[in-house]
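Shown next, in structure tokens, is the structure this report addresses.
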Amino acid sequence: MFGDKWAAFINTFRNRLKQYGIEEKDSSANLLQFSYNHPHAALASVFESLEETKKEYGWKKSTGIVPIQIIFHIDKPGDPPPPIRDISADLWDLLHQETPYVTRQLKQQWNNLMSGKKLPDLSFEQEGQELCQLVFKKESLIRSEKLFPNRELPVLGSQPECFYCGMTNHKAAACPAKFLTMETQGLPYVGFIPIDRINDLYQTIFSNFNKYTELITAGIPPAKIRKEEDLQVLVAYFDQFIIFQPRFLWNTAFSINYDWDNIYRSDKINIDNQPLYLGFDCLRAGNYSQAEELFEAELKDPGEKKIFAAIGLAFMYLEKGQPKYMSHYLQKAVELASQEKERIYTALLLARFYDLQGNLWKADNTLNQALTINRNCVEAKYSKVQMATKSGFGEKVVTDLRPIVEGQQEFFMIALLDPILLPVQGLVNEMLSAIIHDHAQSALGKLNKAQEECDELTSWFDKDDRLVGINLKTLANLKNLLEEKSYYGIQEAAERALGLVYSSQRIQENKIDALREQLNEITAQWTNYKKIWDLFNYKPLFESFNKTIISAKQKIITIRAISEKMNGNNYRKSIAIKDEIINELITLKHLITRMNLVKSILDATRLFGKYLLLSEIILLSLTIALFTLLANILEGSGTEGILRLVNDPWFKKQSISITTLLIAPMTALIMTSVKSFKK
């Protein structure tokens, strides 16, 4: 019916099935057996693959139905292999061609398994039999949920795969990646773009690729990449092949780091070899004769940079289309490698070379050598996944790829964009979708926990509180980040939500500690005021002070009792009571000022009275004694005038009056002032 094309038709159909399912070991050319994670994925894979293969080979309705028979089955653990796994079973003679059948086991679980899945209207015929025919009421196609359907756009050209970037629309000599630097990278940013948006930007970029090539050739400032999403996506595509590009060679040659783990850092660079530097520039510009002269001279130099000159020559012969000489200089670089970064780097380059030459066994073996140098080298592990893809080991791809993409978020984006994974893109997309879903659910759970903690904060503290306001704003931002559905955004939302939980708890603990510290300070202040009151001698004049200090004490006791069982309501009560106590302490402080003034006045008055009485007694006694003494001394001394004055009753009376009314009060006042000052 289809002539010589039938074998090719079935092989193409088989390869398309491999994109979404895993071919089982017992599968054969006559009985294809594939396993899937879900029946819906199996249905979509079979019908889409068949439809696309028919279109590719021009199979028309007039040609007739495709002579294949299709059965969907679900295994139960412990059951013996069903007859459908035997090509010689009689049941195959009873089945219509290009007609889907479902086994009894799958039919029994159909409703549960297909709940929530998009399916056209369908029914089952011959229900109750071992096999049920699946009948669609309208001609329709079950579509798989494609995470990133535009993965193939970079490899739709007619050229061989570019060593530098994996594209098929140019040769290595014309690769735009030659004009990128280590500072111009898109992978750190592209993960914050939703995948649907990346898919749309991919369509825009590769439908206008010449325009974007001109942009790269002219030089893209890093700041421009940070601002424009299309440039982030474009450069991110090239970043996934960065270790095979001249910019990585330049960075490795002049990096002062010796270990592989820090090889991507571009901040520790020492351009200590000018000829090598010029050689790289000539290679970038396509000035091969000058580049060769500089690299060859460096190879003869006894310095430590010969390995990078050898790689530079390998790249030069790559661009000149001479793989034999490229291989020679890559082998030379392997021989010259001594540091860890050099040995791993040369192994990865050589593996890439073997891969593009079609020698997958040598490529995989070379990658194993890199892993013996550093068993955690994720670039070597990912390259092995690519080798497994090209070798047709779909199950190994999924098994080995998952820990890589979950361990480093940049490799998630690489696996999403990588055109090398096209043969297993259905399996990869399904795995990536599951990872996104798991991380989104985890992030949602953490955000819900953060929401609970923020709600708890607002039940304890005012929303106007600065720290509470910061947390509420952060929570809103993280929710928006999660809703954008970008992979990096989901990751960041999960990480920062956990931090927000701890931050909210820390705010709560710090505020409780601050309240307790304030309470201790208030208690100390109250104790001081109580001592002042106890020593105050004029209590009847300030009964309000006594009432206030008793009230404050009762409130302090109340707060301490409440704080034993602290919750949001009790905290707010404690704050309100604390503010009342502070107001009462302020009142007490003002009263103490008045009390000190009154005490000073009354104490001074008492002291003055004491000194006045004492002064009058002493001074009167001294005055009388003085008059008596003067009278005795002046008697018979010939000073009758003075004697008469001393004995004059009026003069004595005036002197005693002055002493009593003026000198004694002044003396008492001076003594009172001196005593008060000292006190």
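Observations
- Taken along the Cα-to-beta-carbon direction at a fixed 7 Å, the label points for R226 and A7 span 5.9 nm.
- Other-chain or far-sequence residues with amide H under 5 Å of I71's (modelled H): Y101
- Calculated FRET efficiency for the pair D75/K362, C-beta based, R₀ 22 Å, to 0.05: 0.05
- Cα centroid separation, the stretch 460-504 to the stretch 540-585 (Å): 36 Å
- Three-way shape label, the stretch 38-103, alpha-carbon gyration tensor, a/c 1.5: oblate
- Computed label-point distance, nm, for sites R606 and K473 using a 7 Å Cα→Cβ extension: 6.1 nm
- Taking 7 Å steps out from each Cα toward its Cβ at N583 and E183 produces label points 6.2 nm apart.
- With all protein chains in place and a 1.4 Å probe, the accessible surface of the stretch 432-570 carries 50 percent carbon and sulfur.
- Applying 0.36 nm per residue to the separation of V674 and T527 and subtracting their alpha-carbon distance, the gain on full extension is 49.8 nm.
- The chain: relative contact order as a whole-number percent, Cα under 8 Å and 6+ apart: 9 percent
- Cα Rg over Rh - the chain, Kirkwood: 1.39
- Entry note: the stretch 219-260 has Rg to Rh equal to 1.06, where both radii use alpha-carbon atoms and Rh is the Kirkwood radius.
- Probing with 1.4 Å while keeping every protein chain in the model, the per residue accessible area of the chain equals 53 Å².
- The stretch between M114 and D90 holds 5.7 nm of extra length on full extension. This uses 0.36 nm per residue minus the Cα-Cα distance.
- Beta bridges per DSSP, both residues in the stretch 1-136: antiparallel share near 75 percent.
- FRET efficiency estimate (nearest 0.05) - Cβ-Cβ, Y502 to H590, R0 51 angstrom: 0.70
- Helix axis angle, 394-407 relative to the chain longest principal axis, alpha carbon, degrees: 20 degrees
- When a 1.4 Å probe is rolled over the protein heavy atoms, the share of accessible surface on the stretch 164-276 that falls to carbon and sulfur comes to 50 percent.
- If R0 equals 56 Å, the separation of the Cβ atoms of A561 and Q408 corresponds to a calculated FRET efficiency of about 0.55.
- The share of accessible area on the stretch 303-391 that comes from carbon and sulfur is 44 percent, using a 1.4 angstrom probe.
- Only Cα pairs under 8 Å and 6+ residues apart enter the sum, and on that basis the relative contact order of the stretch 163-288 stands at 33 percent.
- Straightening the chain between S266 and N15 buys 86.2 nm, computed as 0.36 nm per residue apart minus the Cα-Cα spacing.
- Residues of the stretch 472-501 with amide N under 11 Å of the 7 Å Cα→Cβ point at Q203: none
- Antiparallel bridges, percent of DSSP beta bridges restricted to the chain (to nearest 5): 75 percent
- Placing a label point 7 Å from the Cα of Y288 along the Cα-to-Cβ direction, the residues of the stretch 301-320 with a backbone N closer than 15 Å are 312-320.
The values are calculated or read from the model by the stated rules, or taken from the named source; none is laboratory data. No experiment lies behind these values; they were computed from the predicted model shown. Please note: Cβ atoms are built from the backbone with ideal geometry, for glycine as well, and neighbour counts cover all protein chains shown. Keep in mind that these areas ignore ligands, DNA and RNA; they rest on the heavy atoms of the full protein, side chains included. Shrake-Rupley method; radii C 1.70, N 1.55, O 1.52, S 1.80 Å.
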